[in-house]
Amino acid sequence: MYAQMIKTVSSGVKSRDEMSDEERAFQDKIDRDIKIEPRDWMPEDYRKTLIRQIGQHAHSEVVGQLPEGNWITRAPTLERKAILLAKVQDEAGHGLYLYSSAETLGITRDEMIELLHEGRMKYSSIFNYPTLNWADIGAVGWLVDGAAIINQVALQRTSYGPYSRAMIRICKEESFHARQGYHAIMKMAFGTPEQKRQAQDAVNRLWFPALMMFGPSDAESVHSEQSMAWKIKVKSNDELRRQFVDQTVPQIEYLGLDLPDPEIKWNEERGHYDFSDPDWKEFFDVIKGNGPCNVDRMKNRKEAWEDGAWVRDGLLAHARKRAAAKVAAE
Amino acid sequence: MADVDKNNLLQFLLRMGDNTLILGHRVSEWCGHSPVLEEDIALANTALDMIGQTQMWLGYAAEVQGEGKTADDLAFLRDAWDFRNVLLVELPNGDFGQTLMRQFLYDAWSSIMLGRLVKSSDPRVAEIAAKASKEVAYHVERSADTVVGLGDGTEESHRRMQAALDYLYPYVGEMFESDEIDRAMAEAGIAPDPASLREEYDALVARVLDEATLTVPEGKYVHKGGRNGYMHTEHLGHLLCEMQWLQRAYPGCEW
Ligand SMILES: [Fe+2]
Ligand SMILES: [Fe+2]
Ligand SMILES: [Fe+2]
């Protein structure tokens, strides 16, 4: 889930009596599953919350290029290099698509990038973890894109039209990434003992950070009630996390790898796996900027943006000259 | 197809495949660091196309070599002296302007070369060229547009693009060098003599640079030694260190 811990801008869920006529009409639409479109009236808090959520999702796609890009120049075969390049290209495309969705809410891409660089917008905590061996690339596709899909499939039903459509389109590519990632880690798990060791190491390191992608437990998730009522959030954090664990444990077993958490056990009664909570203190540390890669990731992004200023300025200046020459010629 | 010395054909294919491999690798170094999201996408796409072309060229090279090797063996298990790319493509990325100028200078050559190779007497070469030339037609259009936009942009972007051109231009000449391998290829109708592409290249480059308000440097000196492997730059070894590391550290694995 790339949108995580989104603070809902709201003073609490209003009862129907407390709502204005506009608010009531808006809520009725949502309750009847009619999509909200950019030109429709919407509460200011709904708009602001969505900008946060879609913007964070977009930033995650963009920052997410870095841990995967870390291995593009070391990919072990031409085919693996091509697959990884294609994936990272897709992720950048997702970023572009999501920024456009957010722009329909009255903010520009450049404004959102500035907010990110000032630390006033966030991206998913998962991308603050390093990719340390080649199996990590498989594990990222399988676990990270896999976790993202679970959230995003739910969000296909979200109330805001442009966001919902973005999720439908993006999910198709994410599923492809997850399959390719699993295939890549399969090669490692079924390979030489050294390859298998890398696969195990990747799963051990990335398991809990992947669980953290769904955000804190429902008991601690403030603000989600309003987002649920607005159908910006469709399923609870714990529900999504449980779905991920249930889907992923058999896949780890198929790889012949040890489970990364000794507490994982099938619970016949509940019909789900039991598992340990991630270390939430670590999670909040990462969110606050103290993850293993936070500083480097932001430094990289800011440098790219600042070093590229002359390019953006140059191309813009040229486009203006062109436009002026065209007008003069007419 | 006329009878041709197998080794000459192999050398020709390595020249083609090593160019795309090394430049594709260089371009891929940009991932996530480019000036604007659209460029991240475009650079990844360019790198991806070039790696795809590498698979075709080096795949055929491995077949011609006939030692049971694969394109991956050629890419990941040769040392620098066996690489046959021109020096231009192994030069470091520099700033975005230098990367795009290098791309344009290469794309312009590549688009003309591939245009001839689609008529190659070797059907495999013709087939690869037909596929690649569609991609490269798009690459050259894009890199030319960017060179024009930045050359004729702001004062700073102009200055940077001129500096890039000054640095890179001495490496252009190597793409048009001819030796006995090229003569054998030309005689067999497999590939044109590179020297015969120069006129068309100069015209294309002059048109774009003129629009970009950039000046071709006066000096006639040509750096060479890549396409015959006589003397690569110091940069190639470092690139290979990174690119080949996994294959070297864990030999014989399936990935
Ligand atoms: Fe994505
Ligand atoms: Fe992703
Ligand atoms: Fe993805």
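Ordering A:S15, A:A319, A:L132 by the projection of their Cα atoms onto the charge dipole of chain A, which places +1 on the Cβ of Lys and Arg and -1 on the Cβ of Asp and Glu, puts A:A319 at the extreme positive end. Note on B:K69 and A:A324: their simple-model spin labels are 5.6 nm apart, each label 7 Å out from Cα toward Cβ.
So, with +1 on the Cβ of K and R and -1 on the Cβ of D and E, and no other charges, what is the size of the charge dipole of chain A about its Cα centre, to the nearest 20 debye?
1120
What the Cβ-Cβ distance of A:E23 and B:R207 gives, at R0 = 51 Å and to the nearest 0.05, is a FRET efficiency of 0.25. For the protein assembly as shown, the carbon plus sulfur part of the accessible surface works out to 51%, probe radius 1.4 Å.
Average projected area of the Cα convex hull of region A:147-203, in nm²? Please report the intermediate quantities before stating the final value.
On the way: hull surface 16.1 nm².
For the Cα atoms of region A:147-203, the hull's average projected area reads 4.0 nm².
Dividing the helix sum by the residues of chain A, where each DSSP H run of 4 or more adds -39500 (n - 2.57), gives a mean residue ellipticity at 222 nm of -20000 deg cm²/dmol.
Inter-chain Cβ neighbour count for A:299-310, averaged per residue, equals 4 (cutoff 10 Å, partner chain atoms only).
Could you calculate the FRET efficiency of A:K14 with B:E242 from 1/(1 + (r/R0)^6), where r is the beta carbon distance between them and R0 is 45 Å, rounded to 0.05? Between A:K14 and B:E242 the formula returns 0.20.
Shape descriptor for region B:215-255: Rg over Rh equals 1.25 (Cα atoms; Rh from the Kirkwood inverse mean 1/r). Taking the C-alpha atoms only, the angle from helix B:6-28 to the longest principal axis of chain B is near 40 degrees.
Here's how it looks for A:H272: its modeled amide H is under 5 Å from those of A:N267, which are all 5 or more places away or on a different chain. Computed on region B:6-249, with alpha-carbon pairs under 8 angstrom and 6+ residues apart, the relative contact order is 25 percent. With the convex hull constructed from alpha-carbon coordinates only, region A:29-161 shows a mean projected area of 8.9 nm² over all directions. Evaluated over region B:6-249, the count of Lys pairs having alpha-carbon atoms less than 20 Å apart is 4 (only pairs 8 or more residues apart or interchain). Tell me, what is the FRET efficiency for B:E187 and B:E38 to the nearest 0.05, using R0 = 41 angstrom and their Cβ-Cβ distance as r? After rounding, the FRET efficiency stands at 0.35. The aspartates and glutamates within cross-link reach of A:K172, meaning a Cα-to-Cα straight distance under 17 Å and a gap of 8 or more places when in the same chain, are A:E61, A:D90, A:E91, A:D145. The C-alpha atoms of chain B define a longest principal axis, and helix B:123-151 lies at about 20 degrees to it.
When chain A is treated as a Gaussian network with alpha carbon springs shorter than 10 Å, the biggest mean-square fluctuation among A:A82, A:A148, A:A102 belongs to A:A82.
Across every pair of non-identical alpha carbons in the protein assembly as shown, the mean reciprocal distance, once inverted, gives a Kirkwood radius of 26.1 Å.
Among the trypsin sites (Lys or Arg not before Pro) in region A:215-290, those placed in a DSSP loop whose Cβ has at most 12 other Cβ atoms within 10 Å are A:R270. Working from label points 7 Å from Cα in the Cα-to-Cβ sense, the B:K131 to A:N290 distance is 5.3 nm.
So, with +1 on the Cβ of K and R and -1 on the Cβ of D and E, and no other charges, what is the size of the charge dipole of region B:131-255 about its Cα centre, to the nearest 20 debye? Spell out each step's value before the answer.
Details: 12 positive and 23 negative charges, 65 e Å.
Magnitude of the dipole: close to 320 debye.
Annotation: Cα Rg of chain A relative to the compact-globule expectation 2.2 N^0.38 Å equals 1.07. Per residue, the protein assembly as shown exposes 42 Å² of solvent-accessible protein surface, assessed with a 1.4 angstrom probe and all protein chains in place.
The loop-placed trypsin sites (Lys or Arg not before Pro) in region A:12-101, going by DSSP, that have at most 12 neighbouring Cβ atoms within 10 Å of their Cβ come out as A:R32, A:R39.
Phi-derived couplings, Karplus 6.51 cos²θ - 1.76 cosθ + 1.60 at θ = phi - 60°, listed residue by residue for region B:73-89: 4, 5, 6, 9, 10, 9, 8, 3, 5, 8, 7, 10, 6, 5, 4, 3, 7 Hz, with x used for Gly and Pro. Over chain B, dividing the summed -39,500 (n - 2.57) contributions of all DSSP H runs of at least 4 residues by the number of residues returns a 222 nm mean residue ellipticity of -21000 deg cm²/dmol.
When +1 charges are put on Lys and Arg Cβ atoms and -1 charges on Asp and Glu Cβ atoms, the dipole computed for region A:193-275 relative to its Cα centre reaches about 340 debye. Tell me, rounded to the nearest percent, the portion of alpha carbon pairs in region B:6-249 spaced more than 22 Å apart. For region B:6-249, the fraction of Cα-Cα distances above 22 Å is 51 percent. The A-B contact accounts for approximately 4100 Å² of buried accessible area, totalled over both chains at a 1.4 Å probe radius.
The values are calculated or read from the model by the stated rules, or taken from the named source; none is laboratory data. This structure is a prediction, so every number in the text was calculated from the model and none was measured. In this analysis, Cβ positions are derived from the backbone assuming ideal geometry, glycine residues included, and neighbour counts consider all displayed protein chains. Keep in mind that these areas ignore ligands, DNA and RNA; they rest on the heavy atoms of the full protein, side chains included. Shrake-Rupley method; radii C 1.70, N 1.55, O 1.52, S 1.80 Å.
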